1. Run the numbers on segment 1-88 and let me know its relative contact order in percent, using alpha-carbon pairs under 8 Å that are six or more apart.
2. When only Cα pairs under 8 Å and 6 or more residues apart are kept, what is the percent relative contact order across the chain?
3. Would you calculate the separation in nanometres between label points at Glu121 and Lys34, each defined as 7 Å from the Cα along the Cα-to-beta-carbon direction?
4. How would you order 66-78, 46-58, 119-131, 139-151 from highest to lowest mean count of nearby Cβ atoms within 10 Å?
5. Would you please give the residues with an amide H less than 5 Å from that of Lys25, counting only those at least 5 places away or on a separate chain, with H modeled from the backbone geometry?
6. Once the Cβ-Cβ distance between Thr148 and Val2 is put in as r, and R0 is 41 Å, what FRET efficiency do you end up with, to the nearest 0.05?
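What follows is calculated from the coordinates using simple rules that are stated; it is not laboratory data. This is a predicted model, so every value here is computed, not measured. No Cβ is skipped: glycine too gets one built from the backbone with ideal geometry, and neighbour counts run over all protein chains shown.
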Amino acid sequence: MVSIEEVAARNGFVLYPTSRPGQWKAHCPVCGDKGRDFHLYVSSVKDTFYCHKCGEKGGAVAFHAWLRGISFEAAKAEMYPQGTRKQNLHPAERLTAVQLAELGFTTHKPWRTPKGVNPWEWRRHRKAMLDWVWEEWQEYERFKREQTERLMCLLAPEEPTTTQVSV
Ligand SMILES: [Zn+2]
């Protein structure tokens with residue numbers, strides 16, 4: 001089981017201790033809490049979260065889904081990877097590092113949440129970026145196909161009809 005504390009850590013979500021052990025407070029990403037405003041409460045005893053302002057609540061999987069902006073099913077698949085996991089991925093996420101390098105992304109998978117970035121804000125950019133990468137990839141595939149076809153034409157022996165015409 002992945003604990004709710006672990007979910008917070010994986011998403012770079014900061015939990016602040018309260019006077020009660022196992023109870024944490026945090027800034028709600030939806031309500032935009034700042035400074036001493038803490039509407040979100042997380043219990044590592046019950047593995048639950050609850051925002052007193054927007055009313056968002058649930059367990060560890062729901063928390064992960066909420067922070068990542070993905071469906072409950074997708075969150076579950078991410079937390080407990082199985083054979084079905086790939087079905088929830090954006091097609092661009094299935095591209096290998098080598099394929100990405102061909103497109104010019106040489107450092108890392110560009111949709112990983114960068115450190116220090118609010119995951120809530122990040123997810124808005126993520127989808128657009130994945131769509132863009134996927135479009136680029138399809139375009140690149142088309143280009144490669146055309147190049148191959150052109151090459152095949154150049155290498156292909158002359159057609160008998162062509163010979164007849166030139167004679
Ligand atoms: Zn809230």
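1. Worked out over segment 1-88, it gives 22 percent.
2. 15
3. Once both label points are built, they end up 1.2 nm from each other.
4. 66-78, 46-58, 119-131, 139-151
5. When sequence neighbours closer than 5 places are left aside, the close amide H contacts are Tyr16, Thr18, Val42.
6. For R0 = 41 Å, the calculated efficiency reads 0.35.
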